[in-house]
Amino acid sequence: MKFMDWLDERLAVRQLVKVMLTEYYVPKNINFLWSFGVLIMLVMAILFVSGIFLLMYYKPDANLAFDSVNKTIMMDVEYGWLFRHTHAVGASIMFLVLFIHMARGIYYGSYKAPREIVWITGYILFILMSATAFTGYLLPWGQMSYWAAQTITTLFEKIPFIGPDLVIWIRGNYIVEDATLTRFFALHVMLLPLLLAIFTAIHLYAVRIVGSNNEDGGELTKEDKKKGKGISFWPVFMAKEFFVMSVFLVFFFYLVFYQYKFAMDQINFIPADYLQTPHHIYPEWYFLAFYEVLRGFFFSQNLGLIAFLFSMFIVAFLPWLDTSPIKSGKHRPLYRIMFWIFVADFLFLTILGKLPATGLYAWLGFVGSIVFFIFFLALPIISRIEKKRLAGGM
Amino acid sequence: MKELKILLILIVLVLIGYWGIEPYAHSVMHGEVKQPDHTYKDVPKNIPTTGDPVKGKELFTTNCASCHGLKNDGVNPGMDIQTSITSFKVVPPDLSNIGAILDEHFLAYFIKNPQDATKNPKFAMPPMAQLSDEDIGHVVAYLKSVTKKDLTGKEITVEACGRCHSIKYQKVLSDTPKEPLKEYLGKVPPDLSVIGKAKNVEYLETFINNPQNTLPGTSMPRLGLTKESTEKVVTYLDQIADPHRDQRNTLGIWVIGYLLFMAGITFAWKKKIWKNIH
């Protein structure tokens with residue numbers, strides 16, 4: 001204990017442990033959906049570790065990248081395949097847990113006051129994670145890596161005035177090629193992880209200040225905590241988390257060993273070739289819904305692009321679109337209906353996003369895209385109805 | 001109970017999504033893979049595939065050996081690689097084991113009309129119009145008599161595919177250099193090192209059986225491999241693309257077993273900590 005005293009005098013570790021863990025209280029009326037924050041941290045750690053091992057053998061050069069991944073890492077390095085599978089599946093599953101984490105926040109109104117900063121930093125983390133996934137997907141330098149990057153960077157061309165120059169600036173050339181690969185590599189392994197770490201810290205700090213939301217949306221007062229209405233983060237909350245993590249890891253490593261193909265597209269095992277466009281180009285599954293919004297307005301590329309940007313950014317404004325004083329969806333029947341329509345629509349768009357956008361699929365995509373926005377546009381209206389009802393009821 | 005209900009909803013949503021983006025999307029995009037036709041129905045079966053190997057050898061020496069070698073029987077090609085590249089843009093293969101690799105009816109018809117047999121109008125070998133059907137029977141009999149038995153997947157792959165395709169992760173380079181191949185076929189044929197990961201086994205079998213069926217307009221010729229050789233080639237390509245399969249399957253069991261054990265322990269710990277919490 002002497003060492004702890006010594007450390008405590010200099011770093012106030014005891015106080016830190018109290019504030020962060022043992023005397024940080026989490027409400028009792030939460031379900032396991034509140035575990036997904038911890039699961040995201042777990043997947044993030046898995047991605048960091050597997051990423052570092054891949055970094056030791058990966059070569060960010062258009063002539064070497066494909067072979068360094070598919071030969072050196074996948075065949076020659078001991079357990080190199082394990083790190084690649086883990087990293088690829090990890091990236092995919094990161095978005096699964098992110099989506100569930102966000103959907104839980106939306107359902108239970110976790111974005112509402114006083115948690116706006118938690119929501120905004122979380123949103124920024126989602127965008128950063130998307131950028132990390134997008135830049136990382138180029139690195140194996142396969143056909144799908146190449147053409148996904150080519151297609152998505154082309155989108156910037158539509159931006160008025162600066163578009164065409166901007167595209168060249170992003171790619172470092174007129175087409176996606178070596179310069180693009182090297183800069184995406186730099187962003188993927190340095191800048192983006194750094195920003196992710198910083199914003200994760202702010203996100204967690206903000207949660208420590210305002211506390212976790214719960215199923216009913218009420219807030220824990222200081223008295224509640226003393227009366228035992230909350231549970232301490234350590235050891236009580238984390239005791240449950242470890243069990244959830246173990247079960248999650250069973251699922252995760254089942255995918256890594258036996259069901260990894262969804263995370264590594266077949267077409268990406270053909271080396272990038274700028275002269276040969278694949279028959280079907282599609283992003284990884286986690287971008288499909290947004291991609292479908294882009295394609296949904298099939299009659300106008302410009303409209304599609306605006307809708308696409310809107311679909312990605314509107315989520316950030318939830319706290320100001322939904323001004324109802326009732327927090328949790330558990331007590332908001334109208335909101336709940338809209339929420340489930342939104343979830344179903346998101347799933348629908350994800351599935352459509354991979355199908356060829358022709359005939360019926362194109363129209364379904366259009367309808368799905370409209371429904372996507374209806375959820376957000378309905379929020380102010382639902383808020384007004386609920387406010388009226390509350391005023392009348394009192 | 002509530003927790004399990006939530007879990008069930010999550011599982012159902014994830015499964016619907018998975019079904020949509022994997023099996024369903026792939027069936028829409030690629031359609032169903034046609035069954036390979038290993039009997040080569042369209043190939044006429046009236047050319048004899050038996051005859052006198054000795055006569056066959058004579059005919060081979062006068063008609064084929066100016067371009068093709070046959071190492072098994074000590075026959076060297078009459079042409080060096082450079083000359084054959086200049087004349088054909090592709091190196092004519094050594095025919096030592098061709099009698100075992102190809103379907104015999106296909107082989108006979110191929111000698112008579114290579115362009116139609118391969119479904120490739122630009123196929124480099126000219127039709128052997130000077131040979132009668134009977135002669136062809138002798139040649140086929142000769143080719144079958146000299147061939148090695150029990151060829152491995154690698155041997156068949158290298159002999160059947162190696163004049164155009166490289167397998168660079170196995171240190172196999174195509175017999176013909178890239179530049180003439182590009183002139184001959186319009187592009188450099190893909191390297192086969194990880195083709196087993198880029199394509200399904202079923203797709204590869206059908207594609208090798210008749211490339212035009214799956215990829216109309218491709219410059220890859222139909223080669224007339226027997227069912228057995230096709231399967232050996234595909235198994236080989238699948239194996240070299242995924243060399244750590246056994247290690248992965250074994251390790252997976254250990255890792256998942258360990259994690260299940262951990263789940264048990266952590267569940268017990270959770271029970272203990274939460275005993276007094278209501």
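Here are the numbers for this structure:
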| quantity | calculated |
| --- | --- |
| Any chance A:W285 is facing chain B (nearest Cβ under 9 Å) and either touching a helix residue (DSSP H, G or I) at 6+ places or on another chain (Cβ under 9 Å) or closer than 30 Å to B:T218 by Cα (or both) | yes |
| Count of residues meeting criterion [closer than 19 Å to A:D5 by Cα and over 26 Å from the mean Cα position of the chain (by Cα)] in the stretch A:15-29 | 6 |
| Residue that is over 30 Å from B:K168 (Cα atoms), surrounded by 20 or more Cβ atoms within 10 Å (Cβ to Cβ) and touching a Phe, Trp or Tyr at 6+ places or on another chain (Cβ under 8 Å), where the choices are A:M74, A:M129, A:M94 | A:M129 |
| Members of the stretch A:64-97 found to be among the hydroxyl-bearing types (S, T, Y) and over 17 Å from the mean Cα position of the chain (by Cα), listed by number | A:S68, A:T72, A:Y79, A:T86 |
| Selection count where residues are among the basic types (K, R) and either closer than 30 Å to B:K149 by Cα or more than 9 Å from every other protein chain (Cβ to nearest Cβ) (or both), scope the stretch B:228-270 | 2 |
| Test set (1) polar (S, T, N, Q); (2) without any contact (Cβ under 8 Å) to a residue 60 or more places away in the chain; (3) more than 8 Å from chain B (Cβ to nearest Cβ) - A:Q266 fails condition number | (3) |
| Helices (runs of 4 or more DSSP H) completely within the stretch A:1-93 that count 2 or more residues being within 14 Å of another protein chain (Cβ to nearest Cβ) | A:36-55 |
| Unique residue being more than 14 Å from every other protein chain (Cβ to nearest Cβ), charged (D, E, K, R) and either within 32 Å of the chain's Cα centre (by Cα) or not in a helix (DSSP H, G or I) (or both) when the list is B:K41, B:K55 | B:K41 |
| Any hit, the stretch A:168-175, residues being over 30 Å from B:G257 (Cβ atoms), surrounded by fewer than 18 Cβ atoms within 10 Å (Cβ to Cβ), away from chain B (no Cβ under 14 Å) and among the small types (G, A, S) | yes |
| Check on A:P271, more than 7 Å from chain B (Cβ to nearest Cβ), over 20 Å from the mean Cα position of the chain (by Cα) and modelled with pLDDT of 95 or more | yes |
| Helices (runs of 4 or more DSSP H) enclosed by the stretch B:176-278 - at least 1 residues per element that are in contact (Cβ under 8 Å) with a residue 24 or more places away in the chain | B:178-185, B:195-198, B:201-209, B:211-214, B:227-241 |
| Pair list, Cβ < 6 Å and 6+ apart or interchain, from the stretch A:149-173 residues that are assigned to a helix (DSSP H, G or I) to residues that are among the charged types (D, E, K, R) | A:T153/A:R171; A:G163/A:E157; A:P164/A:E157; A:V167/A:E157 |
| Hey, A:V250 facing chain B (nearest Cβ under 10 Å) and either over 26 Å from A:F48 (Cα atoms) or modelled with pLDDT under 90 (or both) or not | no |
| Residue match in the stretch A:289-310 (condition: at negative phi and at the interface with chain B (Cβ under 9 Å from one of its Cβ atoms)) | no |
| A:G136 closer than 26 Å to B:I9 by Cα, in contact (Cβ under 8 Å) with a residue 12 or more places away in the chain and touching a Phe, Trp or Tyr at 6+ places or on another chain (Cβ under 9 Å) | no |
| Single residue of the stretch B:161-173 satisfying the filter (part of a loop (DSSP other than H, G, I, E, B) and under 14 Å from B:D94 (Cβ atoms)) that is modelled with the highest pLDDT | B:G162 |
| Single residue of the stretch B:2-38 satisfying the filter (of a type in the set (D, E) and more than 13 Å from every other protein chain (Cβ to nearest Cβ)) that is farthest from the chain's Cα centre (by Cα) | B:E32 |
| Only listed residue being modelled with pLDDT of 95 or more, surrounded by fewer than 16 Cβ atoms within 10 Å (Cβ to Cβ) and among the aliphatic types (A, V, I, L, M), chosen from B:L260, B:L225 | B:L260 |
| Tally of residues being within 14 Å of another protein chain (Cβ to nearest Cβ) and among the basic types (K, R) across the stretch A:339-393 | 1 |
| Test for A:L187: is it in a helix (DSSP H, G or I), loosely packed, with under 15 Cβ neighbours inside 10 Å, without any contact (Cβ under 8 Å) to a residue 60 or more places away in the chain and more than 10 Å from chain B (Cβ to nearest Cβ) | no |
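Conditions (1) buried (at least 16 other Cβ atoms within 10 Å of the Cβ); (2) hydrophobic (A, V, I, L, M, F, W, C); (3) out of contact with any Gly (no Cβ under 7 Å at 6 or more places or on another chain), marked per residue:
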position	(1), (2), (3)
A:F242	yes, yes, yes
A:F248	yes, yes, yes
A:F257	yes, yes, no
A:Y260	yes, no, yes
A:M264	yes, yes, yes
A:P278	yes, no, yes
A:Y282	yes, no, no
A:S300	no, no, yes
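The values are calculated or read from the model by the stated rules, or taken from the named source; none is laboratory data. Nothing here was measured: the structure is a model prediction, and the numbers come from that model. Cβ coordinates were reconstructed from backbone atoms using ideal geometry, including for glycine residues, and neighbour counts include every protein chain displayed.
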